[in-house]
1. For the chain, set up a Gaussian network in which alpha carbons nearer than 10 Å are linked by springs, and say which option among G69, G101, G86 fluctuates the most.
2. With angles folded into 0 to 90 degrees, how steeply does helix 84-99 sit against the dominant principal axis of the chain? Use alpha carbons for both and round to 10.
3. Measure nothing fancy, just the Cα-based angle from helix 228-241's long axis to the longest principal axis of the chain, in degrees from 0 to 90, nearest 10.
4. Find me the longest stretch of the chain that has none of the exposed GluC sites (Glu not before Pro), where exposed means in a DSSP loop (not H, G, I, E or B) with at most 15 other Cβ atoms within 10 Å.
5. Using alpha carbons only, how many degrees (0 to 90, rounded to 10) separate the axis of helix 318-328 from the longest principal axis of the chain?
6. Hey, what do the phi angles of the stretch 375-383 turn into as Karplus ³J(HN,Hα) couplings, whole Hz, using 6.51/-1.76/1.60 and θ = phi - 60°, x for Gly and Pro?
7. Going by C-beta contacts inside 10 Å, put S364, S197, S89 in order with the fewest on the left.
8. Based solely on its DSSP helices, what 222 nm [θ] is calculated for the chain when runs of n ≥ 4 H residues each add -39,500 (n - 2.57) and the sum is averaged over all residues, nearest 500 deg cm²/dmol?
Amino acid sequence: MTDLADIADVGRDARRGGYSRHGFDRVELELRSWFTQEARRRGLDVRPDRNGNIWAWWGAPGPDAVITGSHLDSVPGGGAFDGPLGVVSALQAFDLLRSRGFTPGKPLAIVVFVEEEGGRFGVACLGSRLMTGAITAEAACKLTDADGVTFGEAAHAAGFDPLRMGRDDRALASVGAFVELHVEQGRGLEVPVGLASSILAHGRWRYTFTGEGNHAGATLIEDRRDPMLPAAALVLAARREATSGARATVGRIVPNPGGTNVIASSVDVWLDARADDEPRTREVVSRITAAAREAAVAEGCEVRVTEESWGGTVRFDPDLMARVRDALGADTPALPTGAGHDAGILAAHVPTAMLFVRNPTGISHAPEEFAEADDCAAGVVALATTLEHLAR
Ligand code: HGY
Ligand code: MN
Ligand code: MN
């Protein structure tokens with residue numbers, strides 16, 4: 001039977017620990033062919049869409065389809081469950097339905113979205129944003145990775161035509177319901193399986209601080225314009241200003257040129273900020289930005305701020321959640337999450353729900369991410385029962 005163990009050695013990151021699997025890179029391409037093989041082995045009709053997402057159909061594609069699935073890419077040094085658990089559980093749920101002699105009354109498919117984490121091209125949920133028009137093909141295709149390769153070039157190398165990318169009304173119109181199974185990223189679940197109720201509003205901002213590169217030993221302190229200082233102020237402001245449930249994180253700082261004995265000439269800093277709604281999120285970001293600007297002026301540096309991605313608060317479809325509870329039991333708990341998902345992007349366009357599998361430590365986006373085998377098995381049964389209920 002297909003299991004996470006099948007891909008346990010694909011994309012291990014010896015330097016960071018965990019896994020580094022990013023949109024259209026060599027590792028993710030290997031995962032995509034693994035998924036395609038597993039789907040075809042089950043007689044599913046595998047049809048990549050024009051945006052780089054892969055759809056595996058049980059029966060002919062058609063209207064009112066019931067879709068499940070998730071992503072195979074990871075954050076740098078990420079865990080084994082975030083994304084792949086949803087894909088493996090979908091394959092296992094199809095196996096379970098077949099073993100029950102189930103024949104779908106509606107089209108049923110598994111979808112694998114590309115670049116959900118934005119770990120290579122910087123914008124999360126790129127495949128689902130392209131499909132829904134939340135990002136234009138033009139904007140997506142010019143996103144670049146650390147080596148300057150564009151998403152368009154990477155997609156083309158993987159066999160997709162950048163000129164055909166963009167909102168896919170036909171695909172959207174075919175979706176009657178989308179249910180994504182995902183490892184919980186927090187410790188809210190007391191039972192093996194729950195529902196998601198909402199996702200925080202969240203965005204990503206890039207700050208480029210520019211000063212004067214110089215020698216670490218020969219340059220007097222009073223003669224410096226060191227962009228590291230406002231960068232540090234931004235990091236501290238992120239923690240200070242993230243109040244009343246908001247979250248602000250700096251996990252990525254890239255000094256240029258990045259020498260131990262060199263005062264940086266510029267520093268790029270990325271801020272991830274999230275809160276209950278857009279006003280609160282933007283209020284936190286504006287306070288952080290004000291602190292960063294003040295520190296930049298004090299150090300004689302310039303700063304440029306770019307909003308790289310934005311997603312408003314997501315509330316999952318109450319009717320679909322009720323139908324899932326009809327299948328799983330009225331006492332199935334529902335909990336909010338601070339983590340974004342492709343389901344969060346689709347929720348604005350089609351009835352969408354999420355199933356969470358308990359994560360005993362709550363840790364995610366780290367090698368320690370974990371879910372007990374029994375809870376993962378309960379997730380498969382819950383997903384199969386949900387799909388059977390929705391697609392009969
Ligand atoms: O950033 C997120 O919350 C998601 O894992 N992409
Ligand atoms: Mn993630
Ligand atoms: Mn995920």
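1. Of the options given, G101 has the highest mean-square fluctuation.
2. Between the helix axis and the principal axis of the chain, the angle is about 0 degrees.
3. 50 degrees
4. Numbers: sites that count: E190, E368, E372.
After excluding every exposed loop site, the longest remaining stretch is 1-189.
5. That helix lies at roughly 50 degrees to the long axis.
6. 3J(HN,Hα) across the stretch 375-383, in whole Hz: 5, 5, 5, 5, x, 5, 5, 5, 5.
7. Numbers: S364 20, S197 17, S89 31.
Ranked by crowding around the Cβ, least crowded first: S197, S364, S89.
8. On the way: 11 runs with 127 residues, N = 392.
The helix-only estimate for the chain comes to -10000 deg cm²/dmol at 222 nm.
Bear in mind that the values in this text are calculations on the coordinates, not laboratory data. Treat the numbers as computed from the prediction; the structure is a model and nothing was measured. Virtual Cβ from ideal backbone geometry, glycine too; neighbours counted across all protein chains shown.
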